[in-house]
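Undergrad: Handing you a structure now.
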Amino acid sequence: MTAEALPHDRADAAIDVRDLHKSFGDHEVLRGIDFSVARGEVVCVIGPSGSGKSTLLRCINLLEQPTSGRVLVGGVEVTDPDVDIDAVRRRIGMVFQSFNLFPHLTVLENLTIAQRRVLRRSKAEAAEVARVNLEKVGLSEREDAYPAQLSGGQQQRVAIARSLSMGPDLMLFDEPTSALDPELVGEVLSVMRELAAEGMTMMVVTHEMSFAREVASRVVFMDGGVVVEQGPPAQVIGSPQHERTQSFLSRVLDPAATPGPHS
Amino acid sequence: MSTVTSSTRTGAPRARLTLRQKRRLSLAVQYALFVAAVVAVALVADWQTLRQNFARTEIAAEMFPEVLTVALKNTVIYTLSGFTGGLVLGVLLALMRLSSVPPYRWLAMAYIEVFRGLPALLIFLFVGVGVPLAFPGSTIPGGTVGQVALALTLVAAAYMAETVRAGIQAVPKGQTEAARSLGMSSTWALISIVIPQAFRIIVPPLTNELVLLFKDSSLVLFLGVQLGDRELTKFGRDLASTKANITPILIAGLCYLAITIPLSYLARRLEARNAKATA
Ligand SMILES: Nc1ncnc2c1ncn2[C@@H]1O[C@H](COP(=O)(O)OP(=O)(O)O)[C@@H](O)[C@H]1O
Ligand SMILES: [Mg+2]
């Protein structure tokens, strides 16, 4: 268990997860997660495929219902059955591996539809917020394009701008660059880097070790549904303590052991 | 891959006919059979009698303009009202079918099974004869148009419900998840994200459904309708009886085809466009 001292006061945490369990049928995917993210912190979650990273993120905004345990977001217990889940989700931005832009809407409409339906903003007000965020991700000129007309990197930047348009307190990223061609990864990471520099609270599941090393305030290594090890990037990536962390990192970092671009 | 092709190639020259020669021979035989059949029909048929029965131009000329201004117009009105009603009821049934409340699901499933399992003619008779008998004094509003629209609605809804359901389920789950992550309620996510995408997927099958309804509207033949309410089939049949000639039926058939063939073509085009968009 992660009995080690937590790096900050949990009462004031942006995300606080306590003894979280999640099973799909008999398959226990999360087996007691204790973990929190402070306001303004950028936490990168790493770990092998199937270790439960996506499930953890999806339990935080209740795309999955936890089997047991508690999840607090900004001090509000989202696992309370009486909580207004739509109100909680409004404050949590989520960026998916597969972008999930709305293909029947233009870029601008992708950014305004939830503002108008959920926040009840006027058309003009929503468009204004949307344009500020498109500018931020460098896609101001593409507001009339449809998602299918954009590259993967552009689509993911639109998806980030769509989340930002709701004015979230924190952002969750689930492998935001894993579906991209290698030459498009950089543009998405640089948008995320800027967001981090502005002080956005971020939880990022990623395999981009250089991003984690450079941007993360903390790296969390998950395996088999538990947090195995966490700490500053230099410590977890630079000199991992646990054998499982070491073997995972050697697979990810050693180019000879990872499949090449031709496979 | 390369080893497989080279081994079949080395085997080929030993056969008496190459594969390509065999294919040509088979094609030639098929063409010869076709030409022989056409010639046989042309020799055997009694062209004079056929023309007398099927293609009497003076009878055809007599049908105009009523065949268009009354019969075709009524066919279109019946079909479109049935299509609209069927679509509304079909969407409702599809949503019930996908509901998390079991009784709604059961009700929708029962409706779909019953109405897909019955001949359309039976439903026409039920609406046209059964309802007035069962509820004496009550009439279905809208007269004949109302009756036909109701019968076609009941028939079409069952098929359209399944089409709409398949369309909704074909929209990737990530779309709903993205909408919910932005704080949209499940109802808003359905209305503004899922259903518009589902409709794009189901436009081709719905167009095919429209073609089927055009043809089913002919079942009005079995309801007693007034002169001004006759559609293509009844109009053609009545005239065929009075003239003792098939020409009116032929003209009515051509009117159907003038609508159904372009619609089917449109459905195939839309289908091809969808396939390209999702590829
Ligand atoms: N909806 C689901 N139903 C059943 N099993 C699931 C579901 N989602 C995830 N799993 C299982 O949970 C495990 C962890 O998945 P996931 O959280 O996606 O891992 P990661 O993101 O670390 O690759 C996997 O074994 C996966 O098959
Ligand atoms: Mg994952």
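Undergrad: Give me a count of the residues in segment A:59-107 that are part of a loop (DSSP other than H, G, I, E, B) and more than 30 Å from A:Phe248 (Cα to Cα).
TA: 16
Undergrad: Okay, next question. Could you run through segment A:170-211 and say how many residues are in contact with a strand residue (DSSP E or B) (Cβ under 6 Å, 6 or more places away or on another chain) and closer than 21 Å to A:Gly152 by Cβ?
TA: 10
Undergrad: With respect to the numbered conditions (1) within 14 Å of chain B (Cβ to nearest Cβ); (2) more than 16 Å from ligand 2 (Cβ to nearest atom); (3) surrounded by fewer than 23 Cβ atoms within 10 Å (Cβ to Cβ), which one is the sole condition not fulfilled by A:Val158?
TA: Here A:Val158 clears every test but (3).
Undergrad: Taking segment A:36-67, which residues are at positive phi and not small (Gly, Ala, Ser)?
TA: The one that is at positive phi and not small (Gly, Ala, Ser): A:Leu62.
This table checks each residue for (1) of a type in the set (D, E, K, R); (2) more than 14 Å from every other protein chain (Cβ to nearest Cβ); (3) in contact with a Leu (Cβ under 8 Å, 6 or more places away or on another chain).
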{"position": "B:Phe124", "(1), (2), (3)": "no, yes, yes"}
{"position": "B:Phe135", "(1), (2), (3)": "no, yes, no"}
{"position": "B:Thr144", "(1), (2), (3)": "no, yes, yes"}
{"position": "B:Met160", "(1), (2), (3)": "no, yes, yes"}
{"position": "B:Ala178", "(1), (2), (3)": "no, no, yes"}
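Undergrad: If a residue counts only when it is closer than 29 Å to B:Lys73 by Cα, which helices (runs of 4 or more DSSP H) contained entirely in segment B:90-166 have at least 3 such residues?
TA: The helices (runs of 4 or more DSSP H) meeting that bar are B:120-125.
Undergrad: Taking segment A:18-53 on its own, how many of its residues are within 14 Å of ligand 1 (Cβ to nearest atom) and not in a helix (DSSP H, G or I)?
TA: 22
Undergrad: Next up: Select, from A:Leu62, A:Leu72, A:Leu57, the only residue that is among the aliphatic types (A, V, I, L, M) and within 12 Å of ligand 1 (Cβ to nearest atom). Quick ask: steps written out before the conclusion?
TA: Working: A:Leu62 fails: within 12 Å of ligand 1 (Cβ to nearest atom); A:Leu72 fails: within 12 Å of ligand 1 (Cβ to nearest atom).
A:Leu57 is the lone residue from the list that is among the aliphatic types (A, V, I, L, M) and within 12 Å of ligand 1 (Cβ to nearest atom).
Undergrad: When you go through (1) within 8 Å of chain A (Cβ to nearest Cβ); (2) in a helix (DSSP H, G or I); (3) surrounded by 17 or more Cβ atoms within 10 Å (Cβ to Cβ) one by one for B:Gly174, which number turns out not to apply?
TA: Result: B:Gly174 fails condition (3) only.
Undergrad: Quick check: anything in segment A:34-47 crowded, with 19+ Cβ neighbours inside 10 Å, within 16 Å of ligand 2 (Cβ to nearest atom) and of a type in the set (S, T, N, Q)?
TA: no
Here's the yes/no breakdown for (1) of a type in the set (A, V, I, L, M, F, W, C); (2) surrounded by 17 or more Cβ atoms within 10 Å (Cβ to Cβ); (3) more than 16 Å from ligand 2 (Cβ to nearest atom):
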residue: A:Val188; (1), (2), (3): yes, yes, yes
residue: A:Val191; (1), (2), (3): yes, yes, yes
residue: A:Met203; (1), (2), (3): yes, yes, no
residue: A:Val215; (1), (2), (3): yes, yes, yes
residue: A:Val227; (1), (2), (3): yes, yes, no
residue: A:Pro232; (1), (2), (3): no, no, yes
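Conditions tested, residue by residue: (1) part of a helix (DSSP H, G or I); (2) within 14 Å of chain B (Cβ to nearest Cβ).
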site	(1), (2)
A:Pro168	no, yes
A:Met171	no, yes
A:Pro176	no, yes
A:Gly186	yes, no
A:Met192	yes, no
A:Glu214	yes, no
A:Gln230	no, no
A:Pro240	no, no
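Undergrad: Contact list please: Cβ distance under 8 Å, first residue in segment B:170-193 and touching a residue at least 12 places away in the same chain (Cβ under 8 Å), second residue surrounded by fewer than 14 Cβ atoms within 10 Å (Cβ to Cβ), pairs at least six apart or on different chains.
TA: Hits for this filter: B:Thr176/B:Ser186.
Undergrad: Still on this model: It is to be established whether one or more residues within segment A:140-152 are more than 23 Å from A:Val37 (Cα to Cα), within 16 Å of ligand 1 (Cβ to nearest atom) and out of contact with any strand residue (DSSP E or B) (no Cβ under 8 Å at 6 or more places or on another chain).
TA: no
Undergrad: What are the residues in segment A:109-153 that are in a loop (DSSP other than H, G, I, E, B) and more than 30 Å from A:Pro182 (Cβ to Cβ), if any?
TA: Residues satisfying the conditions are A:Leu119, A:Arg120, A:Arg121, A:Ser122.
Undergrad: Among the candidates A:Glu141, A:Glu109, which residue alone is more than 12 Å from chain B (Cβ to nearest Cβ) and of a type in the set (Asp, Glu)?
TA: On inspection, the qualifying residue turns out to be A:Glu141.
Undergrad: Additional query: Looking at B:Arg200, is it touching a residue at least 40 places away in the same chain (Cβ under 8 Å), basic (Lys, Arg) and more than 10 Å from every other protein chain (Cβ to nearest Cβ)?
TA: Criteria not met by B:Arg200.
Undergrad: Given (1) within 16 Å of ligand 2 (Cβ to nearest atom); (2) within 14 Å of another protein chain (Cβ to nearest Cβ); (3) in a helix (DSSP H, G or I), identify the lone condition not met by A:Leu56.
TA: Here A:Leu56 meets the rest and fails (2).
Undergrad: Only one of (1) modelled with pLDDT of 95 or more; (2) out of contact with any helix residue (DSSP H, G or I) (no Cβ under 6 Å at 6 or more places or on another chain) fails for A:Val45. Which number is that?
TA: (2) is the only condition that A:Val45 fails.
Undergrad: Please go through segment A:92-141 and pick out each residue that is among the basic types (Lys, Arg) and surrounded by fewer than 17 Cβ atoms within 10 Å (Cβ to Cβ).
TA: A:Arg116, A:Arg120, A:Lys123
Listed here are the residues, each with its yes/no results for (1) away from chain B (no Cβ under 14 Å); (2) without any contact (Cβ under 8 Å) to a residue 24 or more places away in the chain.
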position	(1), (2)
A:Val78	no, yes
A:Ile85	no, yes
A:Ala114	no, no
A:Ala130	no, no
A:Lys136	yes, no
A:Ala148	no, no
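The values are calculated or read from the model by the stated rules, or taken from the named source; none is laboratory data. None of the values given here were measured: they were computed from a predicted structure. Note: ideal-geometry Cβ built from the backbone for every residue, glycine included; neighbour counts use all protein chains shown.
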